[in-house]
Amino acid sequence: MCRDCGCSLGPAAQRAPLAAAPSVPGKTETIEVITAILDENDRIAAHNRGHFDGHGVLALNLMSSPGAGKTSLLEATIRALDGKLKVAVIEGDLATENDADRIRACGVPAVQITTGNACHLDAQMVHDALDRLPLADLDVLFIENVGNLVCPASFDLGQHRNVTLLSVPEGDDKPAKYPVMFRAADLSLITKTDLLAYITEFKLERAHAALRQIGFQGETIELSNRGGDGFTAWLAWLEREVTSQRERAARGETAKPSIQPEGASAHAAGHRPSR
Amino acid sequence: MHELSVCQALIGQVERVARENGARSVVAITIAVGPLSGVEAGLLEHAYPVAAAGTLAEHATLTIETVPVRVRCRSCGAETGAQPNRLVCGACDDWQVDVIAGEEMLLTRVEIETEPAPVH
């Protein structure tokens, strides 16, 4: 156990090294360093967050499996807002401009990031995309991450809030299967609730229980893009967050998602190497 | 499979530490990884040689210390172990807990070679 803060960074199950060094080394020295492996990404993410805050823009990271309805939600949201909030979208996909085209068809700016085979967006990709967006004219920037319930959760992009989508056809046990992703959410949206009548295996109470079991402590909204109380609640959440972000930015403050893979780097801050 | 990206970031950190300390090469690297970090130790091991190729750490061994999940209960105050998909208090079963370990994705130790082995 660590003497400084009592965390459990002691020796644990050690794995055998992959391959032995080719020869007997000469004089060696061991350096104790405790830094977040993704320190460089975190640094760029903080820089992005600075850009957003400088313009009072709320940045939201949307994460879900492919097909949970991220782009459809954005289309419906942009139409419902009808210019009330100024929106732009960064779209992350392995290939195609399809999603950015769909967003542009709604009349708002969109930048497509095609990641090739990369399974997630990182802070540098988002930073490069920011050059192509009119940040000064925006209220909210949606970053639609690559559809994937694993990898995107590990990379801070500079967003203020994480929003995850769980769609009814996926099944109510998805949070139990992908705990890291769903736990990272500030807002969990259960989408396509208009299908609940057909997909009777999906039980809302089981989805809520699964979220609780993985330590999700944010807000949950059940909604259908076709409208209704849930969709209204989503728009209200969005407006509330935009207002909070403006107020924070005016005070020179910022916000991060309540749970970041960054527990790690926050922890490391107290352990900066002395040398 | 974002472990390759994570390994590339790791090698970047290791090379920085190695250069700052005048290393000729890196002999060994130790990292600490918790299940809630979202990376898999086995996949990191597979990705590591690819990321390390052609760097100061090309021949370094990688040791991964796995950090078990631990939670502190907000109701009863107990600190107990927990499963990543069942983050509840092991003592009273309450789900209002704070995670105190298991999110780590840290570089903890770098062993470097500063002088060559003597020639016999």
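Read-outs: derived from the displayed coordinates by stated rules, not from any lab. From a predicted model like this one, the values you see are computed outputs, not experimental measurements. Glycine gets a Cβ as well: all are built from the backbone with ideal geometry, and neighbour counts include every protein chain shown.
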Next on the checklist: part of a helix (DSSP H, G or I), within 8 Å of another protein chain (Cβ to nearest Cβ) and among the charged types (D, E, K, R): is that true of residue B:15 in this structure?
Outcome noted: no
Item to check | Per-region count, segment A:20-78, residues under 20 Å from residue A:106 (Cα atoms) and within 7 Å of another protein chain (Cβ to nearest Cβ) | outcome: 0
Item to check | Enumerated helices (runs of 4 or more DSSP H) restricted to segment A:165-231, each holding at least 1 residues that are at positive phi and either among the aromatic types (Phe, Trp, Tyr) or free of Cβ contacts under 8 Å to residues at least 60 places away in the same chain (or both) | outcome: none
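Quick check on segment A:122-138. Is at least one of its residues closer than 24 Å to residue A:224 by Cα and of a type outside the set (S, T, N, Q)? Full working, then the answer.
From segment A:122-138, those closer than 24 Å to residue A:224 by Cα are none; that's our starting set.
There is no residue in segment A:122-138 that is closer than 24 Å to residue A:224 by Cα and of a type outside the set (S, T, N, Q).
Name the strands (runs of 3 or more DSSP E) wholly inside segment B:58-113 in which the number of residues that are closer than 28 Å to residue A:40 by Cα, in contact (Cβ under 8 Å) with a residue 12 or more places away in the chain and facing chain A (nearest Cβ under 7 Å) is 1 or more. I'd like the intermediate steps shown before the answer.
Details: elements: B:61-66, B:70-73, B:79-81, B:97-101.
So the answer is B:61-66, B:70-73, B:97-101.
How many of the residues in segment B:15-49 are closer than 20 Å to residue A:122 by Cα and of a type in the set (Val, Ile, Thr)? Full working, then the answer.
Of all residues in segment B:15-49, those closer than 20 Å to residue A:122 by Cα come to B:33, B:36-40, B:43-44, B:47-48.
This time we only want the ones that are of a type in the set (Val, Ile, Thr), so: B:33, B:39.
The total comes to 2.
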Checklist entry - Do we have any residue at all in segment B:28-40 that's among the hydroxyl-bearing types (Ser, Thr, Tyr), in contact (Cβ under 8 Å) with a residue 60 or more places away in the chain and part of a strand (DSSP E or B)? => result yes
